[in-house]
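Comments concern the structure below.
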Amino acid sequence: MVVKFHNTLTNENEEFKPRKESAVTMYNCGPTVYDYATIGNLRAYVFADSIKRVLKYSGYDVKQVINITDVGHLTSDADEGEDKVESGAKREGIKVKDIVKRYTNAFFNDLKKLNVDTKNIIFPKATEYIGEQIAFIQTLDEKGYTYKTSDGIYFDTSLLPDYGKLGNIDTKGLKEGARIKKGEKKNPTDFALWKFSPPAGGEEKRQQEWDSPWGVGFPGWHIECSAMSMKHLGKQIDIHTGGVDHIPVHHNNEIAQTESVTGKQFVNYWMHNEFITIEGQKIAKSLGNTIYLKNIIDRGLSPLSLRYWFLTAHYRTKANFTWDALEAAQTALFKLHKHFVEEYGAKKGGVVSIEYKEKFDAFVNNDLDIPQTIALIWDLIKDENVPKEDKRSTLLSFDEVLGLGLDHSNKKLVGLLSGKGEKLKVGKLPEEIKNLVDEREKARKKEDFEKADAIRDELKEKGYEIEDTDKGPEVSTS
Ligand code: AMP
Ligand code: ZN
């Protein structure tokens, strides 16, 4: 069956054809690790996870990269303001490397809790690819795309006749608009590739800076994605994603950098998720309305209910978060799991219903129309003509795409979704579970993340969720 995706580059739904049959290559712009991810940020990664799950369900292998931005993302898109991780470190009175560690761990925990399939994802950190980024800028330099100002090395966008092609950005209009020409920039859309460290006696000394052919400094934010995508996935890739805010600046800049180096089309399918608003407003710290996954858990709600709620809106529509909507999602998810465990739990040996599979496939292959599949699973549950064992098999098959945890559904999870789940102290855990938690800690210390992940999965199967916190692992029933 044909899979169709909406491509921001052409503004059309297009048939998906991978560059190579062996594996689809996908790059998802990752988090800037200076704070917890908001539920808006998390939508971007559940969306990327849905793309991967649909492709895998359709028989493709997927090679996926999510970068971790730990340098260079400034508070303003106009290459000005503070570096977010440096100011985050100041805010919390700790070192940059510790803030990065804290929020990278928190991000991984959030993904696991949202049942994002993290197996085999490559998570490159920008600071571990400084050499690659410098080499990339050097090539741009040799090809004549750069110029120097007193604060850095800039990309001259006026040399590209098609600059701004993603989302058809009106670069002329911008001259008087959003990206104002400041300082020594030649054009409003020009952007920093390398920024010089503040001069002595100027702003505070940075904690992260490197030597380069142009002087001591740090990479601009956009270059990491071009360099790390090329390093891990090659010169041309299939899919690149991010939120819609990335279209005008960040992704057009990535295209400019990579295509100027390779002379080839960088990405075949650009895909963007719309924004989450909270009670009708944009999510912003200044408005005091940020919601993180931990706030949801603290209210006694399950992270999986956030996933369920995400799936009820198409990724290209704005979605307005309210606590009532999340509670309704949790109730629906509770009913689904309760029904699954109590009615179909023992009914093994069924087959996938062809009738429902055809409908399901048509929805997911139509630019991930997942909201329709949620309605479909309730139709299936109510359908008296489908035997229970077939309902079980069909739901398990659909859940490979939805990721609502039916493969590890059990009475404990049903209890948790009913709001009766409990946090357990490591000391009070059954011996077998405690040993697994200890073994996982040892693996993590040795940076054997494959083993640590395998133990996490084993714990999940036994009904326990594990979260890595600053104070060590925290375990709860799942
Ligand atoms: P950042 O950590 O700011 O680089 O953002 C991480 C990802 O979240 C990016 O793909 C953003 O486009 C996306 N994003 C940011 N805010 C929202 C929001 N309110 N709703 C949906 N996606 C968002
Ligand atoms: Zn990026």
ask   = Can you pull out the residues in the range 436-478 that are over 25 Å from the mean Cα position of the chain (by Cα) and among the polar types (S, T, N, Q)?
value = 477
ask   = Of all residues in the range 72-82 being within 13 Å of ligand 1 (Cβ to nearest atom) and open to solvent by less than 30 Å² (accessible area, probe 1.4 Å), which is modelled with the highest pLDDT?
value = 73
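Residues checked against (1) under 18 Å from residue 266 (Cα atoms); (2) charged (D, E, K, R); (3) open to solvent by 50 Å² or more (accessible area, probe 1.4 Å):
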{"site": "8", "(1), (2), (3)": "yes, no, no"}
{"site": "13", "(1), (2), (3)": "no, no, yes"}
{"site": "22", "(1), (2), (3)": "no, no, yes"}
{"site": "27", "(1), (2), (3)": "yes, no, no"}
{"site": "32", "(1), (2), (3)": "no, no, no"}
{"site": "43", "(1), (2), (3)": "no, yes, no"}
ask   = Considering the range 151-166 alone, what residues qualify as being touching a strand residue (DSSP E or B) at 6+ places or on another chain (Cβ under 8 Å) and within 21 Å of residue 80 (Cβ to Cβ)?
value = 151, 152, 153, 154, 155, 156, 157
task = Just need a number here: residues in the range 444-456 that are modelled with pLDDT under 85 and open to solvent by less than 60 Å² (accessible area, probe 1.4 Å).
result = 0
key: Single match in 431, 441, 467 (criterion: open to solvent by 60 Å² or more (accessible area, probe 1.4 Å) and either modelled with pLDDT of 85 or more or outside the structural domain of residue 52 (by TED's automatic domain parsing) (or both))   = 431
query = within 13 Å of ligand 2 (Cβ to nearest atom) and either in the same structural domain as residue 284 (by TED's automatic domain parsing) or open to solvent by 20 Å² or more (accessible area, probe 1.4 Å) (or both): does that describe residue 69?
reply = no
request  = Please state which of the following conditions residue 112 fails to meet, knowing it meets all the rest: (1) within 26 Å of residue 230 (Cβ to Cβ); (2) modelled with pLDDT of 95 or more.
outcome  = (1)
message = Checking the conditions here, which among 41, 7 is within 11 Å of ligand 1 (Cβ to nearest atom) and of a type in the set (S, T, N, Q)?
response = 41
key: Candidate set from the range 408-428 (those that are at pLDDT 80 or above and among the small types (Gly, Ala, Ser)); member that is surrounded by the most Cβ atoms within 10 Å (Cβ to Cβ)   = 409
query = Pick from 294, 264: which is of a type in the set (Lys, Arg) and under 13 Å from residue 39 (Cα atoms)?
reply = 294
Selected residue [open to solvent by 30 Å² or more (accessible area, probe 1.4 Å), under 30 Å from residue 273 (Cα atoms) and among the basic types (Lys, Arg)] from 388, 359 = 359
task = For the range 52-66, name all the residues that are over 19 Å from residue 100 (Cβ atoms), surrounded by 21 or more Cβ atoms within 10 Å (Cβ to Cβ) and either acidic (Asp, Glu) or within 16 Å of ligand 2 (Cβ to nearest atom) (or both).
result = 64
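The values are calculated or read from the model by the stated rules, or taken from the named source; none is laboratory data. What you are looking at is a predicted structure, and each value in this text was computed from that prediction instead of being measured. Every residue, glycine among them, receives a Cβ derived from its backbone with ideal geometry; neighbour counts consider all protein chains shown. The area values use the complete protein model at the heavy-atom level, side chains included, leaving out ligands, DNA and RNA. Shrake-Rupley method; radii C 1.70, N 1.55, O 1.52, S 1.80 Å.
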